[in-house]
């Protein structure tokens, strides 16, 4: 479909193209799990789920779903490839549950989309109160080292062509694995940058201009093994 065509994005990582390349490289019975957040619109817009595949995700927008569900799926179907999609914010909520994968000797591969922020909330901030960033920036660990501390396999991806080889190495390791995808923070959605949202916000009436009696509703590593 037209909307699934990969646009041109600024920087070395075209996440749309990278995910479409990954789709072609994964088995026909792959299970995908996803978290909630702006990052999730990338795989759902640009990837296709085949008839022999499954896609599991929260229906109420709850963050923290992807990692536990990927582990559960792998426990139920150890013979199938399981790929979990999660943002950095979602991973910081329930990523420690990866310990359960080691406890039960199963090996899902978790893709952490790292844009150093709660992207959805930041998007609404910039649309309504441009430049007034509050409580959405994240201080993240080295996610690859995080899973290596458990004895798993960690990768870092910063370029389009690095994603497929990184996931292939993760699968070949036979261990619970994590691939950190370092995104461009400016590209806050798959359709708009932060600069775009700030420009669009000028079309809306400022809050201060609303009548006093108005009722205000809610505001609309490089690829490869890490050097040691």
Close pairs from segment 176-187: first in a strand (DSSP E or B), partner at pLDDT below 95, Cβ under 8 Å, at least 6 apart | 180/221; 182/221
Applying the selection to segment 28-50, what residues are farther than 26 Å from residue 61 by Cα and in contact with a helix residue (DSSP H, G or I) (Cβ under 9 Å, 6 or more places away or on another chain)?
-> none
Hey, can you tell me all the residues within segment 138-152 that are closer than 23 Å to residue 12 by Cβ and either surrounded by 23 or more Cβ atoms within 10 Å (Cβ to Cβ) or in contact with a strand residue (DSSP E or B) (Cβ under 7 Å, 6 or more places away or on another chain) (or both)?
-> 138, 140, 143, 144, 145
Quick one: residue 5 ticks every box in (1) out of contact with any strand residue (DSSP E or B) (no Cβ under 6 Å at 6 or more places or on another chain); (2) surrounded by 19 or more Cβ atoms within 10 Å (Cβ to Cβ) except a single one, so which number is it?
-> (2)
Within segment 59-70, residues assigned to a helix (DSSP H, G or I) and either out of contact with any strand residue (DSSP E or B) (no Cβ under 7 Å at 6 or more places or on another chain) or surrounded by fewer than 19 Cβ atoms within 10 Å (Cβ to Cβ) (or both) come out as 68
Segment 124-138, subset touching a helix residue (DSSP H, G or I) at 6+ places or on another chain (Cβ under 6 Å) and outside any loop (DSSP other than H, G, I, E, B), residue modelled with the lowest pLDDT | 127
Subset of segment 1-58 [more than 27 Å from residue 195 (Cβ to Cβ) and assigned to a helix (DSSP H, G or I)] = 21, 22, 23, 24, 25
Hits in segment 163-187 (condition: buried (at least 22 other Cβ atoms within 10 Å of the Cβ) and either more than 21 Å from residue 89 (Cβ to Cβ) or at pLDDT below 95 (or both)) = 166, 167, 170
Scan of segment 98-120 for residues that are assigned to a loop (DSSP other than H, G, I, E, B) and either over 20 Å from the mean Cα position of the chain (by Cα) or surrounded by fewer than 20 Cβ atoms within 10 Å (Cβ to Cβ) (or both), ordered by number = 104, 105, 106, 116
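The values are calculated or read from the model by the stated rules, or taken from the named source; none is laboratory data. All of these numbers come straight from a predicted model, not from anything done at the bench. Cβ: placed from backbone, ideal geometry, glycine included. Neighbour counts: every protein chain shown.
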